[in-house]
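These notes are about the structure you will find just below.
Since every read-out is calculated from the coordinates, none of them should be taken as a lab result. Note that the coordinates shown come from a computational prediction; the quantities given were computed from them, not determined experimentally. For neighbour counting, all protein chains shown are included, and Cβ atoms are generated from backbone atoms with ideal geometry for every residue, glycine included.
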Number of protein chains: 4
Amino acid sequence: MRSLDLNADLGESFGRWRLGDDEALLGVVSSANVACGFHAGDPATLVATCRKAVENGVAIGAQVGYRDLAGFGRRFIDVTPDDLYADVLYQISALDGIARTVGGRVSYVKPHGALYNAVVHHEAQAAAVARAVADHPAELVLLGLPGSAALRAAEERQIPVAREFFADRAYDNDATLVDRRLAGAVLTDPDAVVRRVQQLLGSGTVATVDGNDVAIDFDSICVHGDTPGAVAMAQAVRAALEGAGATVAPFAP
Amino acid sequence: MRSLDLNADLGESFGRWRLGDDEALLGVVSSANVACGFHAGDPATLVATCRKAVENGVAIGAQVGYRDLAGFGRRFIDVTPDDLYADVLYQISALDGIARTVGGRVSYVKPHGALYNAVVHHEAQAAAVARAVADHPAELVLLGLPGSAALRAAEERQIPVAREFFADRAYDNDATLVDRRLAGAVLTDPDAVVRRVQQLLGSGTVATVDGNDVAIDFDSICVHGDTPGAVAMAQAVRAALEGAGATVAPFAP
Amino acid sequence: MRSLDLNADLGESFGRWRLGDDEALLGVVSSANVACGFHAGDPATLVATCRKAVENGVAIGAQVGYRDLAGFGRRFIDVTPDDLYADVLYQISALDGIARTVGGRVSYVKPHGALYNAVVHHEAQAAAVARAVADHPAELVLLGLPGSAALRAAEERQIPVAREFFADRAYDNDATLVDRRLAGAVLTDPDAVVRRVQQLLGSGTVATVDGNDVAIDFDSICVHGDTPGAVAMAQAVRAALEGAGATVAPFAP
Amino acid sequence: MRSLDLNADLGESFGRWRLGDDEALLGVVSSANVACGFHAGDPATLVATCRKAVENGVAIGAQVGYRDLAGFGRRFIDVTPDDLYADVLYQISALDGIARTVGGRVSYVKPHGALYNAVVHHEAQAAAVARAVADHPAELVLLGLPGSAALRAAEERQIPVAREFFADRAYDNDATLVDRRLAGAVLTDPDAVVRRVQQLLGSGTVATVDGNDVAIDFDSICVHGDTPGAVAMAQAVRAALEGAGATVAPFAP
């Protein structure tokens, strides 16, 4: 019986501002990418999210990002590698200490937003992230886009990596994501998303915006946590995985 | 041969803004209270400060404070206990992960500025700090003012505590510190400071602003790190300790 | 025909985090207390909110607060009077420049959250706020609680003041607000709120938590903008005012 | 008698962290680029700096930057044009209100750090800055690099512009600045800087890193405010200007 992972972004509230239904999503996903305070996530939210994740047996990942609350980490920042290294180390550490306090631990790292996109191509920032993941004393997996500079940098440092498939994002012919600023980049119809997941499980491919089928290697399936209908979408994807005979469980050891 | 600890605040720079001569002070003190990013201390500074502390065999303490960069943590904030608990846990965790990455660890916690003053009397905030120190998985000592609510709260939770003497601060008759906004509250003459330390080592007392001698129990001596002449002052105090036959070494295990 | 003002807090979103239905509320209230960026309100939100307020003929007030995004300005901060003066001046100025850019102007100032509560009693902070309002070149009214230190300080400086009644908050016998952390402090039933407004218009009194009727002097009625049902509540209060023969219009010139 | 302007960055302290000798520099320069709080400059510093500038007859410019205290505005951020527009408008407004409160006003705008460099080439960000300067109700001049996209965008909007020469920066053959990360990019020898200024006044040219002389059009000469020796350097440049028979006075009306 095949084991598959389902991940989503969580812990993205900040003080008075609440975002996403973390409580419900933690009953659906197997891995939670928890914001670490630089682009979202106040400490009390991190404590509550980690506690609930531990209760539900959900793996905790550090959703590291640029220091940019006003931009929610969605704007590229030309940080020097040494500063980015320290920023990532700080974020992983803050979340890991909180996770261990409530009986869990951080088992993987997933860059967020503009940093996620940057480390697909930006070799210096990718290397800085990989170096932080490698140097941190916790045993960590780096989760990212297949073929990205970040995953290559991690492999060079012997860090285990995990590749993800985005259930609700449109793909280009080179198996990269369509820019989310373009129309149709984000899929909102659960039925369409479920069909994509079924195709992926059946043939290992995804239909691109041009109608071609391209092969996708993956270790985890990502669903969005902060969109309207996020919980229903995640439940539909989980049902599709289980309907195909898979067990939903964390990829990280 | 008696072993005595000398502590100072370090790692208080933030980005372009530099504060204190950390490099020099890390050659003098035995314990470094390293800022954790909420009131001072950017991640790259924390990495560099921890690395240097480890090289020099200096113990690393988490200098936790209110989330207040603009106020440098020197303004009381009426944070709820649950938020303060999470804020302190986050800060300890961020520094501890960085310290362990460079081969060290956080061995104690010292509240900073207005939080230090608040937890002398503010029972709810004192309890929140003590709870965070107790819950964090690292073995931590809480460093604070003798007789403070924070140390009492820590003892109730079986957390080891350490009491500090301020070499360069004036004392009232009840063995508390003179408000630093009052004239004469901070001593700047190294000779006068050295004489106080010598009196403390000789008789276990300090002369108050009224000229009385009051008994002081202490496990560590604090010198300021961010004043002009801080390095010379720290060196003078260290020389006084060694001149009295003591070894300068961390109080924390 | 009597003219009455209805005010609400607006512009309290921050980046990705949205709060309140500003668009709808700006069709109901006559005065908008617009957050200025220190506890809420990013610049793009301020521009959009001011533009819409001008289109709707709604008066713009500066909702000034402590520098505390994480606490949404709801935590007392022991800021020095000089720093608070500068912080308030900065916030008024930022909003006023934006308002004038889109064809409006800031016509009044209303402290927010913990600052609002502090300046009821805290003479030094009240004086600092009044001094900033007095010194700023715009002609400004200070909106606050009847009998508060802030309004007294304003009157001493010859600044015009406006007093507000809270339609959906419980009152104590001394005509102050019941602490919002206590049960029943915030009223959520529109019918009950409407009846209070009708009593106020009819007899100039409000029923306290103990069942007494106390007299209330007021120039503006405040409704909350960020609660579920805020728009419906504001509409109900406005209908009550108009049903009693009043015109809803800004108090500020 | 020729009138020439001398500008420097001021007001770049933040809370406990002090930077530059503003008091002394305000006795030397004729135009002060005052930080506005996004990358540096707390409100109390802005008030004090504007007050002193007014006393000394120094023109006040808004030194606008990215929202990036940790990076001091020296890191490019890929802000959307609409957000950048609002951010710049907010910063100009905050400083202008403070300046007018103390009897002055903002008369020009100078982008800072990475934003300064970005708007040399980045058309969308340059247009956003120019749009904010144009829309703000104050009469403002945009100060920038000759030939930059920002100055072109300003001219298209009929905003007056001013071009600056950097007295202590090395130039490439195309009259742009040598990247400050390269050795020799910043000149620290006052004699060499004075000779460059004398050459500029005499022949309207500057010697490039390759030894060529290229023509420079300028309305203001910039000296750095935050380097060791900044005051002496500024005094030397001012003496050179006056020695050549020029009057040092603001370029802005």
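Checked against the criterion of being more than 27 Å from C:THR247 (Cβ to Cβ), out of contact with any Lys or Arg (no Cβ under 7 Å at 6 or more places or on another chain) and basic (Lys, Arg), region C:13-26 contains one or more residues that satisfy it.
Just one residue in the set B:VAL119, B:VAL58, B:VAL133 is within 13 Å of chain A (Cβ to nearest Cβ) and either buried (at least 24 other Cβ atoms within 10 Å of the Cβ) or touching a residue at least 60 places away in the same chain (Cβ under 8 Å) (or both); that residue is B:VAL133. Restricting to region B:7-16, name every residue that is surrounded by fewer than 24 Cβ atoms within 10 Å (Cβ to Cβ) and either more than 20 Å from B:CYS222 (Cα to Cα) or more than 14 Å from chain D (Cβ to nearest Cβ) (or both). Residues satisfying the conditions are B:GLY15, B:ARG16. When B:ALA126 is tested against (1) touching a helix residue (DSSP H, G or I) at 6+ places or on another chain (Cβ under 8 Å); (2) buried (at least 24 other Cβ atoms within 10 Å of the Cβ); (3) within 14 Å of another protein chain (Cβ to nearest Cβ); (4) at negative phi, exactly one condition is not met: (3). Taking each residue of region B:210-236 that is without any contact (Cβ under 8 Å) to a residue 60 or more places away in the chain and looking for partners that are part of a loop (DSSP other than H, G, I, E, B) with beta-carbon atoms closer than 6 Å, six or more apart or interchain, yields B:ASP210/B:ASN173; B:ASN212/B:ASN173; B:VAL214/B:ALA175; B:VAL214/B:THR208; B:ALA215/B:GLY204. If only residues of region C:69-101 that are within 18 Å of the chain's Cα centre (by Cα) and surrounded by fewer than 24 Cβ atoms within 10 Å (Cβ to Cβ) are counted, the one that is farthest from the other protein chains (Cβ to nearest Cβ) is C:ARG74.
Entry remark, region A:27-55: residues being surrounded by 22 or more Cβ atoms within 10 Å (Cβ to Cβ) and either away from chain B (no Cβ under 13 Å) or of a type in the set (D, E, K, R) (or both) number 10 in total. Of the strands (runs of 3 or more DSSP E) lying entirely inside region B:178-237, those carrying at least 1 residues that are over 17 Å from the mean Cα position of the chain (by Cα) are B:205-207, B:213-215.
Where helices (runs of 4 or more DSSP H) sit wholly within region D:75-172, those with at least 1 residues that are out of contact with any Ser or Thr (no Cβ under 9 Å at 6 or more places or on another chain) and of a type in the set (D, E, K, R) occupy D:81-101, D:123-135, D:149-156.
If we scan region D:214-231, do we find a residue that is surrounded by 22 or more Cβ atoms within 10 Å (Cβ to Cβ), acidic (Asp, Glu), touching a Lys or Arg at 6+ places or on another chain (Cβ under 9 Å) and under 23 Å from D:ALA35 (Cβ atoms)? No, the conditions are met nowhere in region D:214-231.
Among the residues of region A:142-156, the one identified as in contact (Cβ under 8 Å) with a residue 40 or more places away in the chain and either surrounded by 21 or more Cβ atoms within 10 Å (Cβ to Cβ) or among the hydroxyl-bearing types (Ser, Thr, Tyr) (or both) is A:LEU143.
Criterion applied to B:LEU182, B:LEU241, B:LEU201 was being among the aliphatic types (A, V, I, L, M), out of contact with any Phe, Trp or Tyr (no Cβ under 6 Å at 6 or more places or on another chain) and without any contact (Cβ under 8 Å) to a residue 40 or more places away in the chain, and the one residue passing it is B:LEU182.
Quick check on region A:157-164. Is at least one of its residues among the charged types (D, E, K, R), in contact (Cβ under 8 Å) with a residue 12 or more places away in the chain, under 21 Å from A:GLU12 (Cα atoms) and in contact with a strand residue (DSSP E or B) (Cβ under 8 Å, 6 or more places away or on another chain)? Taking every residue of region A:157-164 in turn, at least one turns out to be among the charged types (D, E, K, R), in contact (Cβ under 8 Å) with a residue 12 or more places away in the chain, under 21 Å from A:GLU12 (Cα atoms) and in contact with a strand residue (DSSP E or B) (Cβ under 8 Å, 6 or more places away or on another chain).
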